[in-house]
Amino acid sequence: MFSETERLRFRRLTTLAAVLAYFLVVSGNIVRVTDSGLGCPDWPFCYGSPIPTADSTAIIEMAHRFFAASVSVLVIGICAATLRRRFSPRLMALSALALGTLATQIILGALTVWLKLAWWTVAAHLGMGMLVLGAMVVMAWEWRGAPRPSNTARLAATAVFVLLLTGGAVSGSHAALACGVEFPLGWPLCAGSLAPNPATLGFAQWFHRGVVALTVILVILAAWRAFTRGSPTAKRWALLAVVAIFAQAAIGAVMVLSLKPLWLATLHNATAAFTWVAILGVRDA
């Protein structure tokens, strides 16, 4: 059994790790939208040196790597301590998941560079980052003694995660503007069609939009359940999840119609990641 002091310390540490993991995900998106993924064409160094060149893309890429290394040390420390102290089976399972996911994410980060930003490595690297973030968020809630999420909230969280993966695939395959940039032919339609050819890049964008629509519905259902049966904390996070998913969808539409400016692309990713954090906070049963 652990003391209240230990509970408080780990609660603070996991919360800090979750906050840093969130900003790590955002910084990864900055690398993508600024086309800095190959600013350092080798890994883990940059042109054979730990110090990047004066090129802006190299600086952005190495800054992300250094930040990732710092967050990784914190996550490893928290998870190793949790496993060593054997606090609870659930916390131990979450720690093992976080460590395994973190190791996979690091490998995928290297593969993303070595394979010259292959779309599947970009999407998988993002997905692993989101899983690390999710593990830290859930651990932070566990240390607070929060109730378990309902089945509806779990389903909504799964949909949000799939949404993030499809968004990563769209970004990695450069399909963000593949449907066109005019209203309504480019949005809400795709190249003037309700169902584009599956062999085109536009199909990836169209599929992502379908996942957005489904996710909005599931998040609303999870929020409705929280507002009818949940605690005040669950209601607050449910409201944040609904606001975030609508903001994410709206920003996505504006991105297409305004030719994807960098600041909107970053905001789009940030709101998507926050939706993930918020839906994991809907713990009402």
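The values are calculated or read from the model by the stated rules, or taken from the named source; none is laboratory data. Owing to the predicted nature of the structure, the values given are computational and were not obtained by experimental measurement. With ideal geometry, Cβ positions are generated from the backbone for all residues, glycine too; neighbour counts draw on all protein chains shown. Surface areas here come from the heavy atoms of the whole protein model, side chains and all, with no ligands, DNA or RNA. Shrake-Rupley method; radii C 1.70, N 1.55, O 1.52, S 1.80 Å.
Structural remarks
- Computed from point charges on the beta carbon alone (+1 for Lys and Arg, -1 for Asp and Glu), the dipole magnitude for the stretch 1-144 about its Cα centre is near 660 Debye.
- Most to least packed among 193-204, 216-227 [average Cβ atoms within 10 Å]: 216-227, 193-204
- Summary value for the chain: 20 percent relative contact order, contacts being C-alpha pairs under 8 angstrom separated by 6+ residues.
- If the convex hull is drawn through the Cα atoms of the stretch 118-159, its volume per residue in Å³: 50 Å³
- Taking only the Cα atoms of the stretch 19-141, the radius of gyration and Dmax are 15.1, 48 Å.
- Volume per residue of the convex hull around the Cα atoms, evaluated for the stretch 159-285, comes out as 91 Å³.
- Two-decimal log10 I(q)/I(0) for the stretch 98-187, as the Debye equation yields it once each C-alpha is a single scatterer, q = 0.12, 0.16, 0.20 Å⁻¹: -0.51, -0.77, -0.97
- Orphan Cys of the chain, criterion: no other Cys C-beta under 4.7 Å: C79
- Rounded if a/c under 1.5, otherwise prolate or oblate - the stretch 1-60, Cα gyration tensor axes: prolate
- Heavy-atom accessible area per residue - the stretch 147-285, 1.4 Å, Å²: 47 Å²
- Based on C-alpha pairs under 8 angstrom that are at least 6 apart in sequence, the stretch 120-279 has a relative contact order of 26 percent.
- With all protein chains in place and a 1.4 Å probe, the accessible surface of the stretch 79-149 carries 69 percent carbon and sulfur.
- Diffusion of the stretch 96-248 by Stokes-Einstein, at 25 °C in a medium of 0.890 mPa s and with Rh set to the Kirkwood radius over alpha-carbon pairs, works out to 143 µm²/s.
- Cα pair distances exceeding 17 angstrom across the stretch 206-245, given as percent: 30 percent
- Semi-axes of the equivalent ellipsoid for the chain, computed as √(5λ) from the eigenvalues of its C-alpha gyration tensor and ordered from largest down, come to 31, 27, 14 Å.
- Relative contact order of the stretch 220-285, taken over Cα pairs closer than 8 Å and 6 or more residues apart, is 47 percent.
- Solvent-accessible area per residue in the stretch 1-144 equals 47 Å², computed with a 1.4 angstrom probe and all protein chains kept.
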